[in-house]
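Contents: one structure, followed by commentary.
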Amino acid sequence: MRKKIGRKIYDTEKSKEVGKQNVSYFGDSRGFEEIMFEKAKDDYFLLVKGGHDSQYPEEDIIPLSLEDAKNWLERICGHEYANEIIPTTEKVTKQTKTRKTTKSKKTTKPAAKKTTKASAATKTQTAAKAKTAEKAKTDEKTTTKSDAKTARKSDNKA
């Protein structure tokens with residue numbers, strides 16, 4: 001069976017079988033079978049299939065974390081066999097600790113300030129008001145100059 005889950009492709013033909021569990025007998029509607037495969041180092045999955053009344057009514061592939069794979073192997077095949085296939089839990093915890101520390105060392109940059117439509121409209125309105133105010137000041141200066149000239153002309157005529 002071949003199935004794509006996320007970005008990974010799980011293929012039972014290209015993977016190595018490492019454990020198997022049969023529950024009940026052939027033809028039992030509640031019976032099922034679980035087969036564990038190793039896709040790559042530290043990458044495990046279960047091929048499950050069973051009768052129509054079982055917990056696996058359809059054939060499916062279930063990806064397993066390293067810890068889940070080790071627990072499944074210990075429960076089904078025994079502690080010694082599980083340690084042969086998957087490294088001891090001390091190594092597993094060391095790997096997860098180093099991954100956690102590398103993640104915490106990453107620095108995050110502050111997010112750039114995004115301009116929203118509302119803030120852009122406010123900025124545009126503010127700029128328009130400033131231009132209007134400048135134009136009004138310029139108009140006042142011209143009117144006062146022309147008023148002063150008109151007043152001088154009327155004084156000269158009188």
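Every number here is computed from the coordinates shown, using simple stated rules; none is lab data. What you see is a predicted model; the values in this text were computed from it and never measured. Note that we place each Cβ from the backbone using ideal geometry, even for glycine, and neighbour counts take in every protein chain shown.
Numerical summary
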{"item": "Failed item in (1) assigned to a helix (DSSP H, G or I); (2) in contact (Cβ under 8 Å) with a residue 60 or more places away in the chain, with residue 61 passing the rest", "result": "(1)"}
{"item": "Among residues of the stretch 9-33, those that are outside any loop (DSSP other than H, G, I, E, B), under 30 Å from the mean Cα position of the chain (by Cα) and surrounded by 14 or more Cβ atoms within 10 Å (Cβ to Cβ), counted", "result": "2"}
{"item": "Residue in the stretch 34-44 that is within 16 Å of residue 87 (Cβ to Cβ) and part of a loop (DSSP other than H, G, I, E, B) present", "result": "yes"}
